[in-house]
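To start, the structure under review is shown below, and the notes come after it.
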Amino acid sequence: MKMLFIVTDSEYEPHCLNLMREKGIAGYTIVPNVFGVGKSGAKMGDRYHPGSSVLIMSAIEDDKIPEVMNCLNSCIATRKLCETTHAWVVPVVETLKGG
């Protein structure tokens, strides 16, 4: 199992969630209004650095990773997602029993 982290502009949240549903990923956690600084500049939610991002996290089976990452790359290439969308996949080492 792996943990998928996606950070994208808030306006692209619905597209990411639709993509995940289409790929059979039912469970996820969303953290709205994520602030930070990156290649595209600062997004701090204030008038000097307007905007915010959203963080979407989902624990998914290893065999779904290539399909989901390919789809995300394709969406960025066809401008269905902004070019500042980022995704990371990290191993899930341990989970709570029964959780």
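The values are calculated or read from the model by the stated rules, or taken from the named source; none is laboratory data. Everything quoted here is computed from the prediction, not taken from an experiment. Cβ placement follows ideal geometry from the backbone for every residue including glycine, while neighbour counts extend to all protein chains displayed.
For the reader, a short list of remarks on this structure follows.
- Which numbered condition VAL7 misses (of (1) modelled with pLDDT under 90; (2) touching a His at 6+ places or on another chain (Cβ under 7 Å)): (1)
- Segment 51-64: number of residues that are loosely packed, with under 15 Cβ neighbours inside 10 Å and either among the basic types (Lys, Arg) or in contact (Cβ under 8 Å) with a residue 60 or more places away in the chain (or both): 2
- Among the residues of segment 21-55, those identified as over 15 Å from TRP88 (Cβ atoms) and among the aliphatic types (A, V, I, L, M) are ILE25, ALA26, ILE30, VAL37, ALA42, MET44.
- Residue in segment 72-87 that is at positive phi, part of a loop (DSSP other than H, G, I, E, B) and surrounded by fewer than 10 Cβ atoms within 10 Å (Cβ to Cβ) present: yes
- Filtered by the rule that a residue be in contact with a strand residue (DSSP E or B) (Cβ under 7 Å, 6 or more places away or on another chain) and not in a helix (DSSP H, G or I), segment 46-71 gives HIS49, GLY51, SER52, SER53, VAL54, LEU55, ILE56, MET57, SER58, ALA59, ILE60.
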